[in-house]
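The values are calculated or read from the model by the stated rules, or taken from the named source; none is laboratory data. Quantities reported herein were computed from a predicted structural model and do not represent experimental measurements. FYI the Cβ positions are ideal-geometry reconstructions off the backbone, even for glycines, and counts take in every protein chain you see. Each accessible area value is taken on the protein alone, full model and side chains, heavy atoms only, with ligands, DNA and RNA left out. Shrake-Rupley method; radii C 1.70, N 1.55, O 1.52, S 1.80 Å.
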Amino acid sequence: MNSPDILRPEPVHDVPDIGPVHRGDWLVVIASLLGTLGTLAACSLLSRNHLAYVWLPIIVFGIPSIWGWWCTLQSLRDKTPMPRSHSLLAGTLGFDFVCTSKKVAVTAFFFPDKIQAGTDTKLLIFLENYASRQRVVNIRILRHTGLGLPKKQNLRLHLTAGQAAVYEMPVRVAADISPGPHSLPVVIQVDMPAGQGRRLPGARKHLYDIRRFRYAAPFDVEPAPETKTTSPDTQTLPPPSYRTLASVDEPYPKVEVLQYFDRNEQRTAAG
């Protein structure tokens, strides 16, 4: 996973992939069982009157069923000890997740989310991989001219097994943006470049998987005071950053990274 278009959080943690490569859960077992029974039934019927077509259900149903049984067997035979997830986002930080995408929990919001026109804020994307194998999170940030985003942006963020991270993108609110509520559309989809893996012990249970996240990160714009003059356009925005919050090869999360946001918010409020 050293592709130049894939960002790895700092500091980098090289956690090895463990667990089954292919899916072998109860859904695969049910599909394989139905495929096997269907193959036997179809072959029995065709062998009586259309013997020349017996090969058809074997190819259509039998071979996928054999593949499913093989994946299930490999999953059952894999007894590799799993590290424990920090469950930072859903546990320590208390984010309310109802679903994941391929065992990755994601949330996106602005900090601060109540800002004046002509000032700066940050889009924060929190991610945590609950799987025992790496993931690549594809993020599409749609255009929003009021935030200085004239065209969509595509990101590819890497997560090792059990890793939690935060992506921070500073943005500048246009001075002429209309006051009131706004939102920035964010679309998130996850790839599994090294295979399926297992859910790590300690990760939050009862989270169902969806194919794609669609967020509308909200923010409220307040009109700038007429008596106060600011010139944010003369200042350069800091570059985006991608930082590790927790890794299974360390005993504790890096909560001091989050204290940076609190200090920054206090400075913003004071200014």
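Please name all residue pairs, on different chains or six or more residues apart, with Cβ atoms under 6 Å, provided the first residue is in segment 241-254 and is touching a residue at least 40 places away in the same chain (Cβ under 8 Å) and the second residue is in a strand (DSSP E or B) and among the aromatic types (Phe, Trp, Tyr).
TYR242/TYR167
Picking from ALA108, ALA90, which residue would you name as being at pLDDT below 95 and either of a type in the set (Asp, Glu) or under 22 Å from PHE219 (Cα atoms) (or both)?
After ruling out the rest, the residue left standing is ALA108.
Any idea which residue in segment 83-141 is most open to solvent (accessible area, probe 1.4 Å), counting only those that are touching a residue at least 40 places away in the same chain (Cβ under 8 Å) and at positive phi?
Out of the qualifying residues, it is LYS102.
Applying the selection to segment 6-23, what residues are open to solvent by 80 Å² or more (accessible area, probe 1.4 Å) and farther than 29 Å from ASP78 by Cα?
Result: GLU10, single match.
With respect to THR80, is the statement that it is under 30 Å from GLY202 (Cβ atoms) and surrounded by fewer than 14 Cβ atoms within 10 Å (Cβ to Cβ) true?
yes
Can VAL137 be described as in contact with a Leu (Cβ under 6 Å, 6 or more places away or on another chain) and β-branched (Val, Ile, Thr)?
So VAL137 fits the description; yes.
Can you confirm whether segment 204-213 contains a residue that is in contact (Cβ under 8 Å) with a residue 24 or more places away in the chain, of a type in the set (A, V, I, L, M) and over 24 Å from LEU27 (Cβ atoms)?
no
Looking only at segment 177-186, filter to residues that are outside any loop (DSSP other than H, G, I, E, B) and open to solvent by less than 60 Å² (accessible area, probe 1.4 Å); which one of those is nearest to ARG77 (Cα to Cα)?
VAL186
Got a number for residues in segment 187-214 being buried (at least 17 other Cβ atoms within 10 Å of the Cβ), over 12 Å from the mean Cα position of the chain (by Cα) and assigned to a strand (DSSP E or B)?
Going through segment 187-214 one residue at a time, the tally reaches 1.
Can you tell me which residue in segment 228-251 is farthest from PRO9 (Cα to Cα), limited to those that are at pLDDT 55 or above and exposed (fewer than 10 other Cβ atoms within 10 Å of the Cβ)?
Looking at residues that are at pLDDT 55 or above and exposed (fewer than 10 other Cβ atoms within 10 Å of the Cβ), I get THR234.
If you take the residues in segment 142-176 that are touching a helix residue (DSSP H, G or I) at 6+ places or on another chain (Cβ under 9 Å) and open to solvent by less than 50 Å² (accessible area, probe 1.4 Å), which one is nearest to GLY202 (Cα to Cα)?
ALA164
Any idea which residue in segment 183-208 is farthest from HIS86 (Cα to Cα), counting only those that are of a type in the set (Val, Ile, Thr) and out of contact with any Leu (no Cβ under 8 Å at 6 or more places or on another chain)?
Within segment 183-208, the match that is farthest from HIS86 (Cα to Cα) is ILE188.
Just give me the residues in segment 24-60 being closer than 30 Å to ARG133 by Cβ and open to solvent by less than 100 Å² (accessible area, probe 1.4 Å), in sequence order.
GLY24, ASP25, LEU27, VAL28, VAL29, ILE30, ALA31, SER32, LEU33, GLY35, THR36
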